[in-house]
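Participant: Next up is a structure, given as structure tokens.
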Amino acid sequence: QQPVQSPQAVILREGEDAVINCSSSKALYSVHWYRQKHGEAPVFLMILLKGGEQKGHEKISASFNEKKQQSSLYLTASQLSYSGTYFCGTGAFSGGSYIPTFGRGTSLIVHP
Amino acid sequence: KAGVTQTPRYLIKTRGQQVTLSCSPISGHRSVSWYQQTPGQGLQFLFEYFSETQRNKGNFPGRFSGRQFSNSRSEMNVSTLELGDSALYLCASSLQSSGANVLTFGAGSRLTVL
């Protein structure tokens with residue numbers, strides 16, 4: 001099943017903060033976050049692994065709550081360049097390989 | 001370092017035709033996965049190839065197929081096209097097939113079925 005993202009859309013002014021949530025009905029091994037600008041490829045932001053290891057973007061942070069099967073992406077002091085659609089990706093192992101599943105995305109618009 | 005290259009970028013087909021899309025991964029990446037992106041469903045996993053073998057497959061009909069060559073380049077094919085197949089098809093490459101690996105996406109092939 002697809003992870004559920006909330007909110008579906010966020011509109012901010014430059015400098016404001018935003019939180020995007022991602023919830024899964026299945027136990028999480030890892031959570032990936034990507035940002036896609038209109039007409040462009042999704043770009044990697046952050047990966048959070050079970051056990052707490054986190055790798056990614058220096059100005060964007062995220063949390064990973066394994067018990068609640070949730071992850072949150074924190075965008076602080078947002079910049080115009082943060083505008084885009086944010087996707088979380090989760091997944092499960094099947095037959096020894098990993099099957100990724102992405103949420104439907106959260107559209108973020110940052111105004112000057 | 002070259003990114004993931006997808007060709008063609010845009011194409012228009014009619015119902016019943018077939019289409020082949022190509023993906024060249026980042027040099028050294030052995031895993032290539034394919035996704036269908038539509039406004040209603042978001043990114044949906046089609047299949048993944050690793051070292052020329054299909055590792056896993058998403059919930060799509062058999063009209064969707066793919067393959068990977070020895071140089072890790074991959075192709076996906078959709079036969080008997082339907083209007084609902086109109087979408088952006090993205091491929092992504094990674095070093096290995098694992099939930100801990102970062103995916104690098106191509107810009108996609110936008111397919112319109114008339």
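The values are calculated or read from the model by the stated rules, or taken from the named source; none is laboratory data. Only a predicted model underlies this, so the values are computations on that prediction, with no experimental measurement involved. All Cβ positions, even for glycine, are placed from backbone atoms using ideal geometry, and neighbour counts span all protein chains on display. When the accessible area is computed, the model is the full protein with side chains, heavy atoms only, and any ligands, DNA or RNA have been set aside. Shrake-Rupley method; radii C 1.70, N 1.55, O 1.52, S 1.80 Å.
Participant: Please specify each residue of the stretch B:27-74 satisfying the condition of being more than 14 Å from B:C91 (Cα to Cα) and either touching a Cys at 6+ places or on another chain (Cβ under 6 Å) or among the acidic types (D, E) (or both).
Facilitator: Across the stretch B:27-74, the qualifying residue is only B:E52.
Participant: For the stretch A:65-84, enumerate the residues that are open to solvent by less than 40 Å² (accessible area, probe 1.4 Å) and closer than 15 Å to A:W33 by Cα. So that I can check it myself, show each step before the final result.
Facilitator: Residues of the stretch A:65-84 open to solvent by less than 40 Å² (accessible area, probe 1.4 Å): A:71-73, A:75, A:78, A:82-84.
If the condition is that a residue be open to solvent by less than 40 Å² (accessible area, probe 1.4 Å) and closer than 15 Å to A:W33 by Cα, then A:S71, A:S72, A:L73, A:L75, A:Y82, A:S83, A:G84 are the ones that fit.
Participant: Residues that are at pLDDT below 95: list the strands (runs of 3 or more DSSP E) wholly contained in the stretch B:1-97 that include at least 1 such residues.
Facilitator: Numbers: elements: B:5-7, B:10-13, B:19-24, B:31-38, B:42-50, B:53-57, B:64-68, B:74-78, B:87-94.
It comes to B:31-38, B:42-50, B:53-57, B:87-94.
Participant: Being more than 19 Å from B:V78 (Cα to Cα) and open to solvent by 20 Å² or more (accessible area, probe 1.4 Å): is that true of B:R9 here? Before you say what the answer is, go through the steps one by one.
Facilitator: Numbers: more than 19 Å from B:V78 (Cα to Cα): no; open to solvent by 20 Å² or more (accessible area, probe 1.4 Å): yes.
Against the criterion (more than 19 Å from B:V78 (Cα to Cα) and open to solvent by 20 Å² or more (accessible area, probe 1.4 Å)), B:R9 does not qualify.
Participant: Among the residues in the stretch A:75-87, are any at the interface with another protein chain (Cβ under 9 Å from one of its Cβ atoms), within 23 Å of B:A92 (Cα to Cα) and either assigned to a loop (DSSP other than H, G, I, E, B) or modelled with pLDDT under 90 (or both)?
Facilitator: Taking every residue of the stretch A:75-87 in turn, none turns out to be at the interface with another protein chain (Cβ under 9 Å from one of its Cβ atoms), within 23 Å of B:A92 (Cα to Cα) and either assigned to a loop (DSSP other than H, G, I, E, B) or modelled with pLDDT under 90 (or both).
Participant: Oh, and also: State which residue is most open to solvent (accessible area, probe 1.4 Å) when the search covers only the stretch B:20-57 and only residues that are more than 12 Å from the chain's Cα centre (by Cα) and under 22 Å from B:L83 (Cβ atoms).
Facilitator: Going through the qualifying residues, I end up with B:P39.
Participant: Just checking, how many residues over the stretch B:75-99 are more than 15 Å from the chain's Cα centre (by Cα), surrounded by fewer than 17 Cβ atoms within 10 Å (Cβ to Cβ) and not acidic (D, E)?
Facilitator: The total comes to 6.
Participant: Just for the stretch B:58-67: of the residues that are open to solvent by less than 60 Å² (accessible area, probe 1.4 Å) and more than 9 Å from every other protein chain (Cβ to nearest Cβ), which one is nearest to A:W33 (Cα to Cα)?
Facilitator: Selected residue: B:F60.
Participant: Now for a different question. What are the residues in the stretch A:88-109 that are touching a Ser or Thr at 6+ places or on another chain (Cβ under 9 Å), open to solvent by 10 Å² or more (accessible area, probe 1.4 Å), within 11 Å of chain B (Cβ to nearest Cβ) and among the β-branched types (V, I, T), if any?
Facilitator: If the condition is that a residue be touching a Ser or Thr at 6+ places or on another chain (Cβ under 9 Å), open to solvent by 10 Å² or more (accessible area, probe 1.4 Å), within 11 Å of chain B (Cβ to nearest Cβ) and among the β-branched types (V, I, T), then A:T101 is the only one that fits.
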